[in-house]
Amino acid sequence: MTSFGLRGPALALFMLVTLIQVLSTVFFIFKLLSEVFYWQAPLIPWELQETLEILCSVGLLAGVVSSVVLLRLSFRRVNRIQSQLNATAGQFEDLVASQFTEWALTPTERHVALLVIKGFSNPEIAGLRGTSESTVKSQLTAIFRKSGLSSRQQLVSCVIEDILVALKVD
């Protein structure tokens, strides 16, 4: 995949339109500055000058059209990626819930385990749940006993590993 998701002929066309836009912009700026500062521009027949202006205007219009096309493609891509992320998030929740069911965790233990997976410390979990730190420690001990794990890191690793296996990500 190359820049902007464009490949081959589409990328070449995009680069050509961009080059035409740059040259058109330079032409119009030079023309404007020569009129403002009364610079003597090389004598160009008016027919050629009019033709160049028309071609430059068409080039700038082509740039606008290509920008709109690229924006539409970008929005489609963003929407597709967002849909995939939403599906993955739903799968994540389902897989975590399934793992917690397999371990036979209570609703309270599920909530504590989820907060551990999210990276909260024991004092933070106690504050969020409105309990003491010792209660959180007791709940973590029960989670570790039921899951056969011995640490927070193992809990997070186990859940991530199960998700990666379920999603078949290498």
- Degrees between helix 152-167 axis and first principal axis of the chain (Cα, 0 to 90, nearest 10): 60
- Note on the structure: Lys and Arg at +1, Asp and Glu at -1: neighbours of residue 115 with Cβ under 9 Å from its Cβ sum to +1
- Task: Give the shape of segment 93-170 as rounded, prolate or oblate, defined through the alpha-carbon gyration tensor: a ≥ b ≥ c are the square roots of its eigenvalues, a/c under 1.5 means rounded, and otherwise the shape is prolate if a/b is larger than b/c and oblate if not.
- Result: prolate
- Query: How large is the dipole of the chain about the Cα centre if only Lys and Arg carry +1 and Asp and Glu carry -1, each at its Cβ, rounded to the nearest 20 debye?
  - Reply: 560
- Message: Starting from the 7 Å offset along Cα-to-Cβ, what nm value, one decimal, do you get for the label separation of residue 22 and residue 73?
- Response: 1.9
- Message: Is the C-alpha gyration tensor of segment 23-121 telling us rounded, prolate or oblate? Criteria: a/c under 1.5 is rounded; beyond that, a/b larger than b/c is prolate, otherwise oblate.
- Response: prolate
- Message: Shape verdict for the chain, please, from the Cα gyration tensor: rounded (a/c under 1.5), prolate (a/b greater than b/c) or oblate.
- Response: prolate
- Message: Which aspartates and glutamates, if any, have their Cα less than 19 Å from the Cα of residue 118, not counting same-chain residues under 8 positions apart?
- Response: 93, 94, 109, 133, 161, 162
- Under a 1.4 Å probe, what is the accessible area of the chain per residue, stated in Å²? 70
- Query: Under a 1.4 angstrom probe, counting protein chains only, how are 145, 152 ranked by accessible area, largest first?
  - Reply: 145, 152
- Item | Under 18 Å from residue 31, Cα to Cα: aspartates and glutamates that are on another chain or at least 8 residues apart | 47, 50, 53
- Message: Using a 1.4 Å probe on the protein heavy atoms only, what accessible surface does residue 94 show? Give it in Å² to the nearest 10.
- Response: 110
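Within the chain, what is the longest stretch that has no chymotrypsin sites (Phe, Trp or Tyr not before Pro) placed in a DSSP loop and near at most 13 other beta-carbon atoms within 10 Å?
Between exposed loop sites, the widest span is 40-170.
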- Task: Run the accessible area of the chain with a 1.4 Å probe and give the carbon-and-sulfur part as a rounded percent.
- Result: 66
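The values are calculated or read from the model by the stated rules, or taken from the named source; none is laboratory data. None of the values given here were measured: they were computed from a predicted structure. Note that each Cβ is placed from the backbone with ideal geometry, even for glycine, and that neighbours are counted across all protein chains shown. Heads up: the accessible areas ignore ligands, DNA and RNA and are worked out on the full protein's heavy atoms, side chains in. Shrake-Rupley method; radii C 1.70, N 1.55, O 1.52, S 1.80 Å.
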